1. Antiparallel versus total DSSP beta bridges in the chain: what percent is that, nearest 5?
2. Which residues in the stretch 77-115 place their backbone N less than 15 Å from a point set 7 Å from the Cα of Phe62 along the Cα-to-Cβ direction?
3. Taking K and R as +1 and D and E as -1, what net charge do the other residues with C-beta under 15 Å from the C-beta of Gly33 add up to?
4. Fully extended, how many nm does the chain gain between Glu129 and Thr168 (0.36 nm per residue separation, minus their Cα-Cα distance)?
5. Add -39500 (n - 2.57) for each DSSP H run of 4 or more in the chain, then divide by its residues: what number comes out at 222 nm, to the nearest 500 deg cm²/dmol?
6. About the Cα centre of the chain, what is the dipole size in debye to 20, counting +1 per Lys and Arg Cβ and -1 per Asp and Glu Cβ, all else neutral?
7. Could you work out the relative contact order of the stretch 27-115, using alpha carbon pairs under 8 angstrom and six or more residues apart, expressed as a whole percent?
8. Rounded, prolate or oblate: pick one for the stretch 1-128, where a ≥ b ≥ c are the square roots of the eigenvalues of its C-alpha gyration tensor, a/c under 1.5 means rounded, and failing that, prolate if a/b is larger than b/c, else oblate.
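No lab work stands behind these numbers, since they all come straight from the coordinates. In this text, all values refer to a predicted model and were calculated from it rather than measured experimentally. When we count neighbours, we look across all protein chains shown, and the Cβ atoms used for this are built from the backbone with ideal geometry, even at glycine.
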Amino acid sequence: MIRIAVIIGSTRPGRRAEAVARWVADTSVRHPGVAAGEATVEVVDIAAYGLPLLDEPVPAAFGRYAHAHTRRWAQTIGAFDGFVFVTPEYNRSVPAALKNAIDFLYAEWHHKAAGFVGYGVHGGLRAVEHLRHVMAEVKIADVQTQVALAMFTDFTFTDPADPTDPGTCAPGARLESTLVTMLDEIIAWSQALKPLRVPSTAPEPLSV
């Protein structure tokens, strides 16, 4: 079974990322692979892990995590095969909290697949472009299809003039179809990369 985490990439009070992640999770249950039990989709909220600004004394590439919050985060991420990153766009890039959460780890990201759901005035497009560069450095294969939610067409608000109103995430059928296509790609790539995530059990060659 392929396990996919929907990562809520914002920790801001009143964030819209939580509603977007719920939409992703709710829509995913209609994906044939998820419905058949071949894949699971779970929401992971970085805010629940209380990660401070990166405080590990040793670079993540060495895997020597000194703090309990890092080890807890590593255990969670290490258990998944693929990811859907839900991100707003802050000043043409990703939220600092999301980049920080990625930077805490290294090997736990390797040889997995990821897709992106961006949202904002411009659909989070520039944030996703930045994330694609980050994915390459942590050895995640990012799929081509992505979902871009526009603030004025894919959300409904009680008071559109109130910046603290998180609104309701309400994309149409076209974006639901795009999300399903993206999940197809994440599941397929996660499955294809699985041999790289499993330590080899082949015996050592005999010396001659």
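1. The antiparallel proportion sits near 10 percent.
2. Within reach of a label on Phe62: 105-107.
3. -2
4. The span from Glu129 to Thr168 would gain 11.5 nm if fully extended.
5. Working: 7 runs with 72 residues, N = 208.
Only helices count here, giving -10500 deg cm²/dmol.
6. That gives the chain a dipole magnitude of about 280 debye.
7. Computed value for the stretch 27-115: 32 percent relative contact order.
8. Taking the square roots of the gyration eigenvalues as a ≥ b ≥ c, the stretch 1-128 is oblate.
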